[in-house]
Each structure stands twice: as C-alpha cells, then as structure tokens.
Amino acid sequence: MSTTAAIPQLVKVRKRHTTKDLSWGTMLLHLCSAVLWAIYGFMISSNILFIECVIVSVIYVLIWSAMVRDYFNPKVLVLSDLPENSKPQKQVA
C-alpha cells in the first residue's frame, strides 16, 4: 500500500496544476526515505523492496519537480482557484 500512497497526491498536482498546499519538508522527507530504502533494498539484494522504493521515489521526484516549477514560475490566479461564493454570477436577463 505504501507504493500507491503518493499517487492521489500526484494526480491532484497534475489535475489542479498547483502545489501551493504541499509542504516542502514533508515531500523532501518522503523522497529521501524512499531513496534510502531503495539503497538498502539494493544492498541486501531484495529486488521487491528495491523496485517498490524506486517507484515511490519516481512519484516523489515528479511531485518535487512540480513544486520546484511552481516556485520559480508562480501560476497566475485563475477563476477556478477562487472560492465558489466569490466567483462572478451570471446575469440573467
């Protein structure tokens, strides 16, 4: 289950095209943890552990790269980012 735990976060990042609500520290900690477990799995010749951790690392690298992208190229606020009650209402004639 831990392999798939980050997939919903990755889907959210891809769907909303924003990472403003993600914690840099948490994502970095998860990435480092997955990389270290992959190294350990390689060292003890545990292919399953190694492959699982490499997959998790790739997911966190994708999330991390989106966070770096958003940091250096902030997105302009679009209408879909506004709360529902602050969106302009349609005028009915």
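The values are calculated or read from the model by the stated rules, or taken from the named source; none is laboratory data. Predicted, not measured: the structure shown is a model, and the values here were computed from it. Cβ placement follows ideal geometry from the backbone for every residue including glycine, while neighbour counts extend to all protein chains displayed. For the accessible areas, the whole protein counts, side chains as well, though only heavy atoms, and no ligand, DNA or RNA atoms are used. Shrake-Rupley method; radii C 1.70, N 1.55, O 1.52, S 1.80 Å.
Residues are listed down the side, and each one gets a yes or a no for (1) part of a helix (DSSP H, G or I); (2) free of Cβ contacts under 8 Å to residues at least 40 places away in the same chain:
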{"position": "Lys20", "(1), (2)": "no, no"}
{"position": "Thr26", "(1), (2)": "yes, yes"}
{"position": "Leu31", "(1), (2)": "yes, yes"}
{"position": "Trp37", "(1), (2)": "yes, yes"}
{"position": "Ser45", "(1), (2)": "no, yes"}
{"position": "Ile48", "(1), (2)": "yes, yes"}
{"position": "Cys53", "(1), (2)": "yes, yes"}
{"position": "Val58", "(1), (2)": "yes, yes"}
{"position": "Val61", "(1), (2)": "yes, yes"}
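Pro88 - would you say it is more than 23 Å from Pro8 (Cβ to Cβ), modelled with pLDDT under 90 and loosely packed, with under 13 Cβ neighbours inside 10 Å? Step through it out loud before you land on a result.
Numbers: more than 23 Å from Pro8 (Cβ to Cβ): yes; modelled with pLDDT under 90: yes; loosely packed, with under 13 Cβ neighbours inside 10 Å: yes.
Considered against the rule, which asks whether it is more than 23 Å from Pro8 (Cβ to Cβ), modelled with pLDDT under 90 and loosely packed, with under 13 Cβ neighbours inside 10 Å, Pro88 comes out as yes.
Would you tally the residues in the stretch 17-31 being modelled with pLDDT under 80, loosely packed, with under 15 Cβ neighbours inside 10 Å and on the phi < 0 side of the Ramachandran plot? So that I can check it myself, show each step before the final result.
Start the filter on the stretch 17-31 by keeping residues that are modelled with pLDDT under 80, which leaves 17-23.
Add one more test, that the residue is loosely packed, with under 15 Cβ neighbours inside 10 Å, and what stays is 17, 20-21, 23.
Subset that is on the phi < 0 side of the Ramachandran plot: 20-21, 23.
Here the count works out to 3.
What is the residue count in the stretch 1-16 for residues that are assigned to a loop (DSSP other than H, G, I, E, B) and open to solvent by less than 100 Å² (accessible area, probe 1.4 Å)? Show your work before the answer.
First, pick out the residues of the stretch 1-16 that are assigned to a loop (DSSP other than H, G, I, E, B): 1-6.
Those still in the list that are open to solvent by less than 100 Å² (accessible area, probe 1.4 Å) too: 2-6.
Residues in the stretch 1-16 being assigned to a loop (DSSP other than H, G, I, E, B) and open to solvent by less than 100 Å² (accessible area, probe 1.4 Å): 5 in total.
For the stretch 63-85, give me each residue that is at pLDDT below 65 and part of a helix (DSSP H, G or I).
If the condition is that a residue be at pLDDT below 65 and part of a helix (DSSP H, G or I), then Leu79, Ser80, Asp81, Glu84, Asn85 are the ones that fit.
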